[in-house]
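What follows is one structure encoded as structure tokens, with my remarks underneath.
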Amino acid sequence: RVRRLMPIECFRLQGFTDEQFRKAEATGLKDGRLYKMAGNAVSVPVITALGEIIKRVHENSQKEADNG
């Protein structure tokens, strides 16, 4: 039998903490809205990794500009 993911599990898959989920849940939203929020979210670990890469590229280009 296939088990449906719980809203908190969907939030975790997107990289949110349990505390962040609890705050969203505490607003009184029904599960359907919580699923939608998780599904529309940008994956936090992916954006973090992209930000680190962009920062590294920017820093390297600044070093090259200073040396060139």
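Please treat every number below as a calculation from the coordinates, not as lab data. These numbers were taken from a predicted model, which means no experiment stands behind them.
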Conditions (1) under 13 Å from the mean Cα position of the chain (by Cα); (2) on the phi > 0 side of the Ramachandran plot -> Gly28 fails only (1)
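Quickly run through region 56-68 and pick out the residues that are in a helix (DSSP H, G or I) and not basic (Lys, Arg).
So the first thing to find is which residues in region 56-68 are in a helix (DSSP H, G or I), and the list is 56-67.
Correct list: Val57, His58, Glu59, Asn60, Ser61, Gln62, Glu64, Ala65, Asp66, Asn67.
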